[in-house]
Amino acid sequence: MNNDDFRQWSRRAAHWGADYRNNLRDRPVRPLVEPGAISGSIEVSPPEDAEPMDRIFADFEEKILPGMTHWQHPRFFAYFPANAAPVSVVAEYLVSAMAAQCMLWQTSPAATELETRTVDWMRQALGLPEGFSGVIQDSASSATLAAVLTMRERALDWQGNKQGLAGQARLRIYSSDQVHTSIDRAIWVSGIGEDNLVRIPVGGRFRAMDTAALEAAIAADLEAGMQPAGIIACVGGTSTGGTDDIAAVVEVARRHGLYLHVDAAWAGSAMICPEYRHFWTGVEGADSIVFNPHKWLGAQFDCSIQFLRDPESHVRTLAIKPDYLKTHGHDGIINYSEWSVPLGRRFRALKLWFLLRAHGLENLRTMIRNHVGWSEGLAARLAREPDFEIVSEPMLSLFSFRHKTATDADEHNLRLVNAINDDGRIYLTQTRVDDRIAIRFQVGQFEATAADVDAAFVVITEVARGLDR
């Protein structure tokens with residue numbers, strides 16, 4: 001592909017992207033394809049000779065597009081959103097064209113310095129105090145792994161990386177069962193082991209950790225000769241929005257000198273609205289906080305910000321400095337590869353900078369407030385229906401519900417969510433609450449409207465009536 005071809009096909013791709021976004025409401029949210037259908041349409045062996053771009057592009061439209069779930073669809077109400085505001089997509093075009101590897105300050109000074117600035121913009125937007133630094137990770141999973149590794153090293157007096165875990169005190173990490181499964185993976189990868197992730201009982205509307213039980217678990221482990229290392233709290237857990245009393249957990253962490261990581265991957269975006277900050281009161285006492293602008297704010301995946309109260313502990317855990325990665329002649333610079341597990345880094349700050357400037361915080365606040373209000377309204381409408389019950393009340397824009405039935409309720413609600421998704425007009429997912437199946441609903445897609453949420457009510461009730469017949 002020469003430069004003229006590159007120009008032509010870049011234009012074609014940009015026009016295609018705009019048309020795609022413009023016509024998404026006409027597509028089913030999730031494709032109706034059988035496993036293996038897509039791979040069966042792709043040649044088994046790679047081509048020996050070059051193929052023309054128009055044929056490749058045609059195959060993309062004919063073979064790949066029909067098998068895509070449309071995460072930017074305004075009626076995507078499943079999981080949490082992975083928004084890509086159009087301005088963020090434009091920024092990603094530029095990032096892809098430059099194709100910079102931004103591991104060090106010297107490998108792209110603008111990428112490093114813009115990351116520092118935009119992360120601080122987000123600190124201010126969320127109402128976090130001065131003193132927090134931050135880094136853009138690829139996802140909350142990476143941020144959580146970095147936090148768990150830092151917990152491990154602090155608890156082992158910085159000897160874990162050097163000596164390994166053999167012969168060391170048995171480390172313990174504490175969380176509720178409302179945290180994301182990325183916490184389990186971090187425990188595995190760190191070598192701490194699943195058996196040493198202590199699950200603390202929860203209670204109350206938001207299924208918060210019982211801090212008395214947390215305190216008791218720490219005391220029992222100390223008595224048994226084990227080494228408590230850290231606590232992982234959540235704000236807006238994936239299943240039903242489980243949210244810990246952060247201020248109370250901070251007090252426990254301080255009393256025992258434990259590292260506290262707060263996972264607010266989804267709900268953290270809502271903290272740009274001051275009226276929602278009560279959900280994480282006390283968060284300024286955390287050591288590490290993660291939230292994903294690529295979920296609710298519209299910064300295209302991947303873009304996850306980890307705020308740190310003591311970045312030196314974090315860097316001490318993760319940094320390796322061979323001579324070929326040193327920037328000689330400059331002191332006080334930041335090399336963000338020392339703040340993350342991967343060495344290679346994309347230029348993630350550019351899309352966040354474009355997004356914040358093109359929309360402004362007030363427009364983003366309006367979007368989030370709308371989503372919360374629409375979700376609360378839908379929950380209230382379903383609650384008034386005689387055949388539905390609300391299982392978990394709205395936490396921001398997330399709630400769960402169940403369709404009542406005289407038959408096996410779990411099997412019935414699984415059939416219902418599958419029938420809703422096969423219908424194609426909206427997309428939902430299920431969860432398990434108190435060991436029973438419930439259906440999750442969350443509003444978060446960047447271009448969703450009140451009419452899209454109204455349509456969800458129609459689809460849910462229509463499909464449920466069809467199952468009853």
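The values are calculated or read from the model by the stated rules, or taken from the named source; none is laboratory data. In this text the structure is predicted, and so the values were computed from the model without any measurement. Cβ sites come from the backbone with ideal geometry, for glycine too, and all protein chains shown count toward neighbours. These area figures cover heavy atoms from the full protein model, side chains too; ligands, DNA and RNA do not enter into them. Shrake-Rupley method; radii C 1.70, N 1.55, O 1.52, S 1.80 Å.
In the set (1) open to solvent by less than 10 Å² (accessible area, probe 1.4 Å); (2) touching a residue at least 60 places away in the same chain (Cβ under 8 Å), Val391 fails one condition alone, (1). Taken over segment 236-250, the residue count meeting the criterion of being open to solvent by 50 Å² or more (accessible area, probe 1.4 Å) and assigned to a strand (DSSP E or B) is 0.
Rundown of residues vs (1) open to solvent by 10 Å² or more (accessible area, probe 1.4 Å); (2) acidic (Asp, Glu); (3) under 16 Å from His371 (Cα atoms), yes/no style:
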{"position": "Phe77", "(1), (2), (3)": "no, no, yes"}
{"position": "Phe80", "(1), (2), (3)": "yes, no, yes"}
{"position": "Val87", "(1), (2), (3)": "yes, no, no"}
{"position": "Glu92", "(1), (2), (3)": "yes, yes, no"}
{"position": "Ser96", "(1), (2), (3)": "yes, no, no"}
{"position": "Gln101", "(1), (2), (3)": "yes, no, no"}
{"position": "Ala110", "(1), (2), (3)": "yes, no, no"}
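Being surrounded by fewer than 23 Cβ atoms within 10 Å (Cβ to Cβ), among the charged types (D, E, K, R) and within 18 Å of Phe76 (Cβ to Cβ) is a description that does not apply to Arg365.
Just so you know, in segment 162-176 the residues that are out of contact with any Lys or Arg (no Cβ under 9 Å at 6 or more places or on another chain) and modelled with pLDDT under 90 include one that is surrounded by the most Cβ atoms within 10 Å (Cβ to Cβ), and it is Gln168.
All conditions in (1) polar (S, T, N, Q); (2) part of a helix (DSSP H, G or I); (3) open to solvent by less than 70 Å² (accessible area, probe 1.4 Å) hold for Gln8, with the sole exception of (3). Just to be sure before I move on: is Ala146 under 20 Å from Gly344 (Cα atoms) and buried (at least 22 other Cβ atoms within 10 Å of the Cβ) in the structure I sent? Yes. Of all the listed residues (Ala253, Ala233), the sole one being modelled with pLDDT of 95 or more and either open to solvent by 10 Å² or more (accessible area, probe 1.4 Å) or in a helix (DSSP H, G or I) (or both) is Ala253.
The strands (runs of 3 or more DSSP E) found entirely in segment 109-202 that carry 1 or more residues being under 29 Å from Gly242 (Cβ atoms) and small (Gly, Ala, Ser) are 133-137, 171-175.
Kindly provide the set of residues from segment 59-75 that are open to solvent by 30 Å² or more (accessible area, probe 1.4 Å) and touching a helix residue (DSSP H, G or I) at 6+ places or on another chain (Cβ under 6 Å), ordered by number. Spell out the reasoning first.
Our first condition is that a residue be open to solvent by 30 Å² or more (accessible area, probe 1.4 Å); within segment 59-75, this holds for 59-64, 66, 68-69, 71, 75.
Once the filter is applied, which keeps residues that are open to solvent by 30 Å² or more (accessible area, probe 1.4 Å) and touching a helix residue (DSSP H, G or I) at 6+ places or on another chain (Cβ under 6 Å), segment 59-75 yields only Arg75.
Across segment 206-230, the qualifying residues are those that are within 13 Å of Ser176 (Cβ to Cβ) and in a loop (DSSP other than H, G, I, E, B), and the one among them that is modelled with the highest pLDDT is Asp210.
Within segment 208-248, the only residue that satisfies the criterion of being over 18 Å from the mean Cα position of the chain (by Cα) and among the hydroxyl-bearing types (Ser, Thr, Tyr) is Thr211.
Against the conditions (1) farther than 22 Å from Ile437 by Cβ; (2) under 21 Å from the mean Cα position of the chain (by Cα); (3) open to solvent by less than 40 Å² (accessible area, probe 1.4 Å), Ser400 satisfies every one except (1). For segment 112-125, the candidate set comprises residues that are of a type in the set (S, T, N, Q) and buried (at least 20 other Cβ atoms within 10 Å of the Cβ); within that set, the residue that is modelled with the lowest pLDDT is Thr112. The set of residues in segment 427-445 that are touching a residue at least 60 places away in the same chain (Cβ under 8 Å) and either touching a Gly at 6+ places or on another chain (Cβ under 8 Å) or in a loop (DSSP other than H, G, I, E, B) (or both) comprises Leu428, Val443, Gly444, Gln445. Within the set of pairs 6+ apart or on separate chains, which have a first residue in segment 403-417 that is assigned to a helix (DSSP H, G or I) and of a type in the set (Gly, Ala, Ser), a second that is modelled with pLDDT of 90 or more and open to solvent by less than 20 Å² (accessible area, probe 1.4 Å), and C-beta atoms under 9 Å apart? Close Cβ pairs (under 9 Å, with a partner that is modelled with pLDDT of 90 or more and open to solvent by less than 20 Å² (accessible area, probe 1.4 Å)) amount to Ala409/Arg402; Ala409/His403; Ala409/Ile437. In this entry, Ile56 is excluded by the filter for residues that are out of contact with any strand residue (DSSP E or B) (no Cβ under 8 Å at 6 or more places or on another chain), more than 25 Å from Asn292 (Cβ to Cβ), in a helix (DSSP H, G or I) and open to solvent by less than 80 Å² (accessible area, probe 1.4 Å). Count of segment 11-51 residues, restricted to those that are assigned to a loop (DSSP other than H, G, I, E, B), touching a residue at least 40 places away in the same chain (Cβ under 8 Å) and surrounded by 13 or more Cβ atoms within 10 Å (Cβ to Cβ), is 4.
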